[in-house]
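Here the structure is laid out as structure tokens; the discussion comes afterwards.
The values are calculated or read from the model by the stated rules, or taken from the named source; none is laboratory data. These numbers come from a predicted model, not from an experiment. Here the Cβ is made from the backbone with ideal geometry for all residues, glycine too, and neighbour counts use every protein chain on show. The accessibility values were calculated without ligands, DNA or RNA, using every heavy atom of the protein model including side chains. Shrake-Rupley method; radii C 1.70, N 1.55, O 1.52, S 1.80 Å.
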Amino acid sequence: MKVKVDERGYYGNFGGAYIPEMLYPNVEELRDNYERIMQAEDFQEEFQSLLKDFVGRPTPLYFAKRLSQKYGAKVYLKREDLCHTGAHKVNNTIGQILMAQRLGKKKIIAETGAGQHGVATATVCALMGVECIVYMGAVDMERQKPNVERMRILGAEVRAAESGSKTLKDATNEAMRHWINNPTDTHYIIGSVVGPHPYPEMVARFQSVISEEIRKQLLSHEGTEKPDYVVACVGGGSNAAGAFYHYYDDEDVQLVAVEAAGLGNDSGESAATTVLGKPGVLHGSKTLLMQTADGQVVEPYSISAGLDYPGIGPVHAHLFETGRAQFYSATDEEAMQAGIELSRLEGIIPAIETAHALAALNQMTFKAEDVVVLNLSGRGDKDLETYIKWGKY
Ligand SMILES: *Cc1c(COP(=O)(O)O)cnc(C)c1O
């Protein structure tokens with residue numbers, strides 16, 4: 001099965017670039033140049049060197065012995081939690097800051113919900129000495145104070161979005177407005193495989209270093225590049241897209257995407273887009289999104305800030321529609337239990353986003369010889385408050 005983006009930015013029925021006319025020049029400039037820039041030798045050299053020495057790649061592929069015993073399969077963890085800044089997000093922001101420089105852009109804007117993408121963006125802007133403005137909903141700023149301060153320490157300006165529900169979608173609107181008003185000198189760093197074409201594909205390519213490494217590392221562990229399953233959580237879908245990317249054509253590798261079911265998919269408090277969503281346009285692309293009968297975006301809910309998003313990237317809508325990936329969802333409670341379980345069995349406290357992927361292991365059935373690679377997208381340090389509040393450990 002082909003999981004390839006076409007010229008207009010579609011994966012099957014999903015994708016494209018649904019943007020106001022005012023944004024055409026910015027998006028077209030990126031679309032017409034990203035492929036060439038990315039493939040240039042000097043770009044690859046600088047990107048690879050920063051991934052190695054700044055991010056700390058390759059991240060280990062770790063055989064989780066006690067977790068394997070528990071689930072009756074060989075479970076490997078791809079340790080994105082060991083990346084600088086604590087998650088996979090920095091792979092993408094490094095790629096995009098290098099892209100911005102080659103496009104001659106002097107300033108960076110971004111939007112952030114929980115603040116993780118904002119921190120990853122502020123980090124690479126500090127690294128390169130580039131001005132950085134991060135839009136964040138005023139409510140989110142209140143909820144995620146440590147990340148607001150992290151961004152400020154790194155030298156970024158955090159601007160509060162005061163409209164609407166004062167959360168992620170309002171921050172996105174503000175960032176878009178800023179970009180429209182500053183088309184020539186500013187690059188907009190989007191944090192997941194979402195947004196208008198070419199963002200979803202560009203971000204997936206930057207994150208595809210994850211599956212590139214898994215293939216090599218699994219070969220040395222198991223004598224084959226191909227596991228039976230690759231499991232990852234999906235907010236917008238960038239860590240999953242990175243972990244799946246070099247396996248799309250290997251139909252014998254089962255791709256497993258895990259969404260957040262919040263308080264349960266029937267509770268009205270969930271973020272499981274493939275369960276609850278319908279086709280529509282969100283953040284500039286056609287995808288599946290949670291919406292009311294008259295097309296209003298429904299506020300998603302998850303205990304995990306990184307999965308609390310009303311849509312999924314178009315590539316995941318395509319993987320869902322075609323059946324190339326299996327989709328599971330895990331509730332807050334299931335995820336929190338899985339997070340504690342990993343802490344106790346392997347000495348690794350995972351991000352609560354990642355804990356959703358771990359929770360799906362409980363819903364799957366394995367044969368003893370199955371090889372499972374689970375993308376450990378981030379570490380739990382940022383979630384300590386949430387673990388403490390939940391309290392059951
Ligand atoms: C942001 C985040 C996610 C969700 O984003 P994706 O684009 O779906 O990967 C998952 N895990 C961690 C640790 C995150 O910080």
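Would you tally the residues in segment 299-321 being assigned to a loop (DSSP other than H, G, I, E, B) and within 14 Å of residue 262 (Cα to Cα)?
The number of residues fulfilling the criteria is 9.
For the condition over 24 Å from residue 212 (Cβ atoms), within 13 Å of the ligand (Cβ to nearest atom) and of a type outside the set (D, E, K, R), what is the one hit in 339, 378?
339
Taking the residues in segment 353-375 that are β-branched (Val, Ile, Thr) and not in a strand (DSSP E or B) as candidates, determine which candidate is nearest to residue 309 (Cα to Cα).
Looking at residues that are β-branched (Val, Ile, Thr) and not in a strand (DSSP E or B), I get 354.
For residues that are open to solvent by less than 10 Å² (accessible area, probe 1.4 Å) and in a loop (DSSP other than H, G, I, E, B), scanning just segment 192-207, find the one that is nearest to the ligand (Cβ to nearest atom).
193
Can you report the number of residues in segment 142-170 which are modelled with pLDDT of 95 or more and either within 25 Å of residue 282 (Cα to Cα) or in the same structural domain as residue 306 (by TED's automatic domain parsing) (or both)?
The number of residues fulfilling the criteria is 5.
Test of understanding: among 52, 89, 106, which residue is free of Cβ contacts under 8 Å to residues at least 24 places away in the same chain and among the basic types (Lys, Arg)?
Step by step, each of 52, 89, 106 is checked, and only 52 is free of Cβ contacts under 8 Å to residues at least 24 places away in the same chain and among the basic types (Lys, Arg).
Name the residue that is nearest to residue 2 (Cα to Cα), counting only residues in segment 217-257 that are part of a loop (DSSP other than H, G, I, E, B) and within 16 Å of the ligand (Cβ to nearest atom).
237
Could you list, in sequence order, all residues of segment 357-382 that are at pLDDT 95 or above, in contact with a Gly (Cβ under 9 Å, 6 or more places away or on another chain) and either among the basic types (Lys, Arg) or open to solvent by less than 20 Å² (accessible area, probe 1.4 Å) (or both)?
Once the filter is applied, which keeps residues that are at pLDDT 95 or above, in contact with a Gly (Cβ under 9 Å, 6 or more places away or on another chain) and either among the basic types (Lys, Arg) or open to solvent by less than 20 Å² (accessible area, probe 1.4 Å) (or both), segment 357-382 yields 358, 359, 367, 370, 375, 377, 378, 379, 380.
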